[in-house]
Amino acid sequence: MRAIKYSILLISVLVNWNAPVFAGSVPLNGDWRFLQTAHFKVYYQTGQEQYAQKVANKAEDVHVTLVGFLKWLPYGHTNVIVADHTDIVNDYATPLPKRTIIIHPAQNVGDRNNFGDWLYEVLVHEYTHLLQMDMQSGIPAGFNSLFGRIFLPNIFQPLNQIEGLAVYSETRYTAFGRNRSALTEGMLRSAAAEGGWVPLDRAGVASPCWPRDAAYIYGGKFFEYLSHRYGQNKLALYQRKHSNLVLPFMQNSTARSVFGKSFPALWQDWEDASYREYGRQIDSIKKDGLTEAKLISTDGFDKSELISSSDGKYLAYIDQNSHRRSALTLYDVELGKFRTVDRGIFLGSMQFSSDGRYLAYGKMEYSGFGENLYGDIYIHDMDGRKTKRITHGLRARDPAFSRDNKLLYFVASKLDQNALAVIDIQTSRVGYLTEFAEDQLFSHPAVSPDGGKIALAVWQDGGYQDLYLYDIADKEWRSLMADRAQDMAPAWSADGQSLYFASDRSGVWNIFDYDLQTGSISRRTNVIGGAFNPAVSDDILYFLNLGSTGYDLAKTKTSDSIYYQNAAYADTAEFAETAPDTADYPSAKYRPGKTLLPFFWFPAASIDEKGGALGAALMGADDLMAKSYTAMFIPSFNSQRFYYNIAYSDVGRSLNYNLRLSDNATSEDVALEGKEVAYYTRHQSQSLQLYLPVARSDHAMAAAVAYYHTNYTGLNDEIFAVNPYWTGHLARLQMNLGFSNAQKFGFSISPERGREISLESRLYRNYLGSDLNQAWQGFSWAEYLPLPFRHHALMAKITAGAWGQGGYVNQDLPEMQPRGATEDIYGRYQALMTAEYRFPLLYVERGYSTWPFFLKNVSGALLVDIGAASDDFRSLSYADSRQCLGAEITSRWIFSYAAPFKITLGGYHLPDENESRMVLKLSSAPLW
């Protein structure tokens with residue numbers, strides 16, 4: 001779960017609202033309807049009304065619970081959007097521009113965290129975000145009552161406070177939640193055992209360091225500690241007092257008034273208490289003797305879905321870390337070598353064929369122009385090293401081969417439901433072994449060695465995550481256990497007499513085996529952090545071991561492993577009592593125009609040659625955040641003009657469009673008789689842009705066509721003998737094409753491989769309304785090449801353009817000057833070639849306390865720029881070019897816990913001029 005909600009990021013969203021910020025978060029195209037309850041509007045598409053009714057009922061139950069907890073009753077309705085265009089399990093909340101929750105219905109089946117009611121838990125988590133950040137009192141509340149709901153002090157909090165409260169809430173008010181999870185306990189216990197406790201400053205931002213969800217894991221347990229130590233009512237009191245702050249980042253003063261201590265002191269108290277508690281747990285675990293296991297990998301981070309081929313030659317698993325793109329990794333047991341089979345967005349478990357020749361797995365890919373992101377089945381030929389896609393848009397995952405390798409059993413999904421299915425590999429004929437259901441979810445199917453049975457994990461309503469056997473011939477089910485321990489990832493023994501599986505039934509995730517003859521369960525590992533995804537080959541038990549740096553591949557001998565004493569399983573989860581889904585809310589067609597009223601306004605000002613004028617600026621968006629606008633209106637009574645700036649965009653279809661109309665006055669300082677004089681010009685502009693983005697998991701493309709017209713008029717040119725600026729009409733038709741498969745990862749300081757290509761054509765013509773006939777053609781090509789050293793890269797780029805016959809038109813052209821140059825170079829033909837060696841100098845990933853500045857890393861670059869321009873293409877030459885040799889040092893930061901920026905200090909030398917310059921630049925930068 002993720003919330004789009006952090007301080008400067010949100011302000012940036014509003015200032016640049018007409019950019020398609022939320023494009024991709026909701027489904028494109030299609031017809032929308034909505035249900036309206038007392039406190040929510042639930043938006044959905046055709047065929048989803050039953051699910052929307054369920055959302056509406058549960059949302060009202062959540063509202064009653066959380067308003068009582070946080071003591072805040074929001075004004076108006078909260079929008080909930082059902083977005084079933086992806087199989088990714090992730091949900092969003094944003095308090096601005098409107099309180100909105102975006103729900104992807106797919107349930108978190110097969111995950112290492114259990115749940116009793118996934119939808120209810122999602123709503124508790126996300127609605128906690130909205131109530132927390134919607135709070136306002138004192139001066140902020142007065143500001144919002146006048147100008148609109150935009151000044152929300154509680155968005156200016158570190159990420160561990162925002163996510164921590166939501167995780168606390170999901171645990172307090174549902175049957176499970178991450179604070180009760182054995183996975184959370186294992187991660188913190190490992191950190192305590194190995195000295196890897198995440199500091200307060202790092203838990204407050206999105207960091208690529210392990211664990212990447214530290215804000216959730218550490219934040220949730222921290223708020224649990226505060227509740228136990230000071231009382232739950234203090235959590236709400238802190239939020240209420242924080243909502244009164246006029247100056248941001250003053251949370252420590254609020255903490256002192258509520259808890260009596262600053263957050264650094266509270267965090268240290270919690271850390272000390274946690275070390276004591278986890279120390280006791282570690283001592284208790286060690287009393288039984290730890291499993292003697294050898295680590296095969298040591299790079300940590302996220303690993304999952306470990307399996308072994310039947311001949312024991314290969315292991316395969318999914319590897320996700322911050323140094324490279326997610327990979328399906330193969331380990332050759334005999335050679336001790338790793339290789340990558342595929343990269344992408346993987347989904348669910350995988351299995352080898354019975355002869356070990358093929359590997360089947362699930363992976364997500366975009367369809368159409370990128371409107372949907374669904375899972376499908378792929379098969380990799382181990383000998384030929386080729387991969388074939390088996391299904392297309394089937395929403396399939398968790399494949400398992402039949403004994404004869406002619407069929408694939410898999411899990412199919414739709415909305416919040418799934419079903420067990422089978423596909424004939426040759427004919428692609430699909431059959432379903434069960435009905436689709438939301439209260440019985442399948443994962444990790446594994447076919448027995450004799451081919452007669454399928455072992456699989458089955459989640460059932462209330463949080464029962466157990467193992468089942470399905471008899472293929474008799475079509476009968478057999479339950480192997482029935483409790484709320486989490487039993488996952490079954491793996492058959494070679495003789496088919498037992499099943500190895502991972503479970504938290506000992507309070508710690510460990511590997512167990514189930515004797516199919518006697519029904520007895522034996523624990524086979526005893527670890528501190530956790531053991532997951534068993535894979536058995538001969539007498540070797542492989543598993544994923546959780547440590548302080550993440551998961552690593554480990555092995556131990558089954559013949560030497562200890563059968564640990566099984567304590568009686570104690571069900572610690574709580575049954576959350578929620579009202580049944582009884583209300584049936586009326587449905588209506590969604591009409592976006594009715595929801596486009598402004599949500600914010602603010603005074604605006606303008607100045608021209610006659611003096612100043614006042615007006616108003618406002619912003620609005622529809623409830624789906626697909627249609628949006630900004631508008632500014634300023635009547636100038638002195639000059640008898642009406643200035644305006646209107647921009648409207650629609651990103652709710654595959655083809656986006658943006659319309660802008662403006663009439664503004666601008667000024668430039670011009671030298672006149674030795675003095676600086678303001679020269680005023682009037683710009684009357686109209687533009688229409690059509691934009692078609694195309695998304696794939698490993699690249700993106702875009703095409704755009706636009707019309708721009710501006711009439712430039714001098715307002716006080718009578719004071720000049722010669723008009724200092726050009727006046728008249730400029731109108732152009734512009735076309736752009738773009739492609740990028742450049743790859744950048746969590747710890748990258750630059751794209752490391754791939755390329756970025758853009759083409760542009762501009763046509764100025766009289767018949768388009770232009771006073772000039774001209775044309776511009778340009779392109780840019782950047783190539784990124786990885787080097788043997790981690791995160792070092794070479795970048796080579798060429799940018800070039802050419803004008804037709806006639807004058808130059810300086811309208812937002814790409815930069816063609818070498819860095820450090822003080823004078824522009826001109827010519828009909830222009831080119832700039834750049835080569836850079838980029839390398840990391842220092843990874844910091846630290847801030848100070850709860851201060852809003854967080855230093856991520858420092859990097860360097862050695863560069864060469866060569867720029868040339870000429871009116872004759874044949875005259876372009878290196879001899880007439882201008883060169884720059886330089887070096888840059890860049891520090892990357894996060895401000896206000898969410899807004900990335902970078903500071904670059906560049907030193908540039910121009911050999912021809914024998915000049916050197918130092919330049920300091922500040923710019924925004926993506927996190928990764």
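Placing unit charges on the Cβ atoms only, positive for Lys and Arg and negative for Asp and Glu, gives the chain a dipole magnitude near 1020 debye about its Cα centre. Rolling a 1.4 Å probe over the protein heavy atoms leaves LEU737 with an accessible area of roughly 100 Å².
Ranking of ARG395, ARG653 by solvent-accessible surface, largest first: ARG653, ARG395 (1.4 Å probe, protein heavy atoms only, all chains present). The charge dipole of the stretch 26-286, taken about the Cα centre with unit charges on the Cβ atoms of Lys, Arg (+1) and Asp, Glu (-1), comes to about 760 debye, rounded to the nearest 20.
Accessible surface of THR518, taken over heavy atoms with a 1.4 Å probe and every protein chain present, rounds to 100 Å². Backbone amide hydrogens, once placed in the peptide plane, bring VAL677 within less than 5 Å of VAL670, ALA671, LEU672, excluding anything fewer than 5 places away on its chain. Near ARG324, the amide H atoms lying under 5 Å from its own belong to GLY746; only residues 5 or more places off or on other chains count, and H is placed 1.01 Å from N. Separation of the stretch 336-410 and the stretch 78-121, taken as the distance between their Cα centroids, equals 26 angstrom.
Shape of the stretch 591-725 from the C-alpha gyration tensor: oblate (a/c of 1.5 or more and a/b not above b/c, with a ≥ b ≥ c the square roots of its eigenvalues).
When ARG240, ARG180, ARG591, ARG641 are compared by accessible surface with a 1.4 Å probe, the order from highest to lowest is ARG591, ARG240, ARG180, ARG641. Note on TYR230: accessible area approximately 50 square angstrom, rounded to 10, probe 1.4 Å, nucleic acids and ligands left out. Taking TRP851, TRP601, TRP726, TRP893 and ordering them by how much accessible surface each has at a 1.4 Å probe, largest first, produces TRP851, TRP726, TRP601, TRP893. Under the criterion of Cα pairs below 8 Å and six or more residues apart, the relative contact order for the chain equals 9 percent. Computed over protein heavy atoms with a 1.4 Å probe, the carbon and sulfur contribution to the accessible area of the stretch 289-557 reaches 43%. Computed over the stretch 782-838, the convex hull of the alpha-carbon atoms projects to a mean area of 5.0 nm². Using only the Cα atoms of the stretch 57-210, build the gyration tensor, take square roots of its eigenvalues as a ≥ b ≥ c, and label the shape rounded, prolate or oblate: rounded if a/c is under 1.5, else prolate if a/b is larger than b/c, else oblate. Because a/c hits 1.5 or more and a/b fails to exceed b/c, the stretch 57-210 counts as oblate. Close amide H contacts of ASN716 (hydrogens built in the peptide plane, cut-off under 5 Å, sequence separation of 5 or more or a different chain): TYR680. Expressed as a whole percent, the accessible surface of the stretch 26-286 that belongs to carbon and sulfur atoms is 53, based on a 1.4 Å probe.
Backbone geometry of the stretch 66-71 corresponds, through the Karplus equation with coefficients 6.51, -1.76 and 1.60 at θ = phi - 60°, to 3J(HN,Hα) couplings of 7, 5, x, 6, 8, 6 Hz, x marking Gly and Pro.
Think of the stretch 591-725 as having a plus end and a minus end, set by charges on the Cβ of Lys, Arg, Asp and Glu; of PHE602, PRO592, TYR644, PRO592 sits farthest toward the positive end of this dipole.
Does the stretch 26-286 classify as rounded, prolate or oblate by the C-alpha gyration tensor (a ≥ b ≥ c root eigenvalues; a/c under 1.5 gives rounded; else a/b over b/c gives prolate, otherwise oblate)? Oblate, since a/c reaches 1.5 and b/c is not below a/b. Residues within the reach of a label modelled at ASP31 (point 7 angstrom out along Cα to beta-carbon, backbone nitrogen below 14 Å), restricted to the stretch 51-90: there are none.
Solvent-accessible surface of the chain, taken per residue with a 1.4 Å probe and all protein chains present: 42 Å². For the stretch 26-286, the number of Lys pairs separated by eight or more positions or lying on different chains, with C-alpha atoms closer than 17 Å, is 8. Put a dot 7 Å past the Cα of SER257, heading toward its Cβ, do the same for ARG790, and the two dots end up 4.5 nm apart. Atom-type composition of the exposed protein surface of the stretch 595-744 places 61 percent of the accessible area on carbon and sulfur (1.4 angstrom probe). Each of ILE825, TYR707, SER413 was scored by the projection of its Cα onto the charge dipole of the chain, and the greatest displacement toward the positive side belongs to ILE825; charges sit on the C-beta of Lys, Arg, Asp and Glu. Inter-label distance, TRP851 to GLU676: 3.4 nm, where each label sits 7 Å from its Cα along the C-beta direction. Per-residue 3J(HN,Hα) values for the stretch 806-823, derived from phi via the Karplus relation 6.51 cos²θ - 1.76 cosθ + 1.60 with θ = phi - 60°, read x, x, 8, 10, 8, 10, 6, 7, x, 5, 10, 9, x, 4, x, 6, 9, 10 Hz in sequence order (x marks Gly and Pro). Take every pair of alpha-carbon atoms less than 8 Å apart whose residues are at least six positions apart; their mean separation over the length of the stretch 289-557 yields a relative contact order of 15 percent. Measuring between their Cα centroids, the stretch 596-612 and the stretch 35-61 lie 39 Å from each other. Karplus-based coupling profile of the stretch 882-892, in residue order and whole Hz: 10, 10, 9, 10, x, 9, 10, 10, 10, 10, 10, with θ = phi - 60° in 6.51 cos²θ - 1.76 cosθ + 1.60 and x standing for Gly or Pro.
Hull volume per residue, based on the alpha-carbon atoms of the chain and their convex hull, is 196 Å³.
The values are calculated or read from the model by the stated rules, or taken from the named source; none is laboratory data. Just so you know, these numbers come straight off a predicted model, no measurement behind them. Positions of Cβ are generated from backbone atoms using ideal geometry, with glycine treated the same way; all protein chains shown enter the neighbour counts. When the accessible area is computed, the model is the full protein with side chains, heavy atoms only, and any ligands, DNA or RNA have been set aside. Shrake-Rupley method; radii C 1.70, N 1.55, O 1.52, S 1.80 Å.
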